[in-house]
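Below: the structure, in structure tokens.
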Amino acid sequence: MYVSKFEASMGTNLIIYLALSALLCISKAKAEIVNTNVERSLDLTSQLVKTLTKISAEDTAGKPIVEYVFFASEPSLAYILVKDSADRNVQIKKNDPLKGEQSFTLTFPKANAKQSFLVETVASKGILPHPEEIKQNDKQFVKYTGNLHLYSKYKTNSQKTNVKLSSSNILSHTQVKPFSVSSNKITLGPYENAEAFSQDALVIHYENSSPFVTVNTLERTLEISHWGNIAVQESIQMTHTGAKLKGSFSRYDFQKEGRSGLAALKSYKTYLPASASGVYYRDTNGNISTSNMNSGRDFIELELRPRFPLFGGWKTQYTLGYNVPSYEYMFNEGNKYQLKMHLIDHIYDNMAIDEATVKIILPEGSSDIRLSTPYSISRLPNELVHTYLDTTGRPVVSFSKSNLVESHISDFTLYYSFSKISLLQEPLLVSGFIYIIFVFTIVFLRLDFSITSHAHKE
């Protein structure tokens, strides 16, 4: 069969084209994101697991990396923040959980073939007491269980983990070479060529005498007054979630021996705004006088001492309140107002809050209410509350948030409208009430209620 040179060349070109296309498809299939280097720092000195992960990633095909999927191996993750190499915030989107795994899609502000970024996470309930019960004079030991490698959907060429503990008293830890121990620090790695989704347990059993205190419920109420004051009240219920006290408590041993109840909560420091006044600290039995307040330039340091030391499994509840001037937190333009305050405040160092509910009581007559928060919250239905000299009631904006840590201390912004004429309502009510009393008194004094007898002529 005769084949022309033209047809032969066309066939050859077609074969070359198909071969190049196949090679291109193979290269595209092989192109993927790889973690070239990972450096993790674990801070296990308190009841929280604080992690700093520096990741250097690149695309094997040299394509710009726009998105990156980050997996959080901590089951009780409370906080996450990501910044790129230029210290710019990276957009974080939480993905739907898949098989109980929590992941986030990171969108970089600038797409590059090589990305270096820092992931900061804080997790609560990641360190558990072991044993779960101890006597009054015993030391508290805890166990941390995590992942030896970065749990990632991408292959990792090299990674290293530095662990900082609260004590050099380490009973046991995962020993995968290479590793080293120096006082209260453990260095693991570098480990090479970890496959995607690698899971090797990292277990550390060590002494941690920090009080493991969890705020079960926090009810924070902000009452706004346009007469120059904001009243803040916090109702707190907390539990010592460390090793439970085994046996009875001896007040004599606690006061006699300096090393008795090392993990018990004896006192703690909370911080109030520098302009706070009228501070009160009380529980169901009344005012608690065992507190010290020191005023500073930027804040007020308040040392709170419960009525009794808090051992593992013990609970306490109290109410803390104070007043601050409204001009520091409220701004207005005409009838448009803006309130900017902390969503939660500092309670104690390395705090953990299970559930926080914030209520903002606005002046009567407020309208066009709009709330902006720094992170996602659960809005509760608006309601009305009646206080003195109210007629229709004061609007209350309520919302809640669970699993909070100190990193969540940031400002919310509340926008609303309020007519300044409404400020005259309470003075007019008081004036009208006094006027009515005076009128009633005048009328009452002019009435003659005496009984007189008249003489009759015969």
Derived scalar couplings ³J(HN,Hα) [segment 102-117; Karplus, 6.51 cos²θ - 1.76 cosθ + 1.60; whole Hz; x for Gly, Pro]: 9, 9, 9, 9, 9, 10, 7, x, 9, 7, 9, 5, 10, 10, 10, 8
With a ≥ b ≥ c the root eigenvalues of the C-alpha gyration tensor of segment 265-364, is it rounded (a/c under 1.5), prolate (a/b larger than b/c) or oblate? prolate
Computing the accessible area with a 1.4 Å probe over protein heavy atoms, can you report the carbon and sulfur percentage for the chain? 54 percent
Helix 425-446 sits at what angle to the longest principal axis of the chain, using alpha carbons and giving 0 to 90 degrees rounded to 10? 10 degrees
With just the Cα atoms defining each centre, how far is segment 335-350 from segment 202-243? Give it in Å. 15 Å
Any number yet on Rg/Rh for segment 33-207, C-alpha, Kirkwood? 1.00
Normalised per residue, the volume inside the convex hull of the alpha-carbon atoms of segment 134-222 in Å³ amounts to 169 Å³
With each label point set 7 Å from Cα along the Cα-Cβ vector, what nm distance links LYS110 and SER326? 4.6 nm
Could you grab the relative contact order for segment 213-420? Cα pairs under 8 Å, six or more apart, rounded to a whole percent. 26 percent
For the chain, what is the relative contact order in percent, using Cα pairs closer than 8 Å and at least 6 residues apart in sequence? 12 percent
Cα-only Debye scattering, the chain: base-10 log of I(q)/I(0) at q = 0.06, 0.09, 0.11 Å⁻¹: -0.43, -0.79, -1.05
Burial ranking of peptide ranges 95-105, 328-338 (average Cβ count within 10 Å, highest at the top): 328-338, 95-105
Could you go through segment 295-303 in sequence order and give the Karplus-derived ³J(HN,Hα) for each residue, using 6.51 cos²θ - 1.76 cosθ + 1.60 with θ = phi - 60°, rounded to whole Hz, and x for Gly and Pro? 8, x, 6, 9, 7, 10, 8, 10, 8
For the ranges 197-207, 83-93, what's the packing order if you count other beta-carbon atoms within 10 Å of each residue, average per peptide, and put the highest first? 197-207, 83-93
Helix-only estimate, please: 222 nm mean residue ellipticity of the chain, summing -39500 (n - 2.57) across DSSP H runs of length 4 or more and dividing by its residues, to the nearest 500. -4000 deg cm²/dmol
With everything on Cα atoms, drop me the angle between helix 5-30 and the longest principal axis of the chain, reported from 0 to 90° to the nearest 10. 40 degrees
Give, rounded to the nearest 20 debye, the magnitude of the charge dipole that the chain has about its Cα centre when Lys and Arg contribute +1 at Cβ and Asp and Glu contribute -1 at Cβ. 920 debye
Give me the 1.4 Å probe accessible area per residue for the chain, excluding ligands and nucleic acids, in Å². 57 Å²
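The values are calculated or read from the model by the stated rules, or taken from the named source; none is laboratory data. As the structure is a computational prediction, the values presented were derived from the model and not from experiment. For neighbour counting, all protein chains shown are included, and Cβ atoms are generated from backbone atoms with ideal geometry for every residue, glycine included. These accessible areas exclude ligands, DNA and RNA; they are computed on the full protein's heavy atoms, side chains included. Shrake-Rupley method; radii C 1.70, N 1.55, O 1.52, S 1.80 Å.
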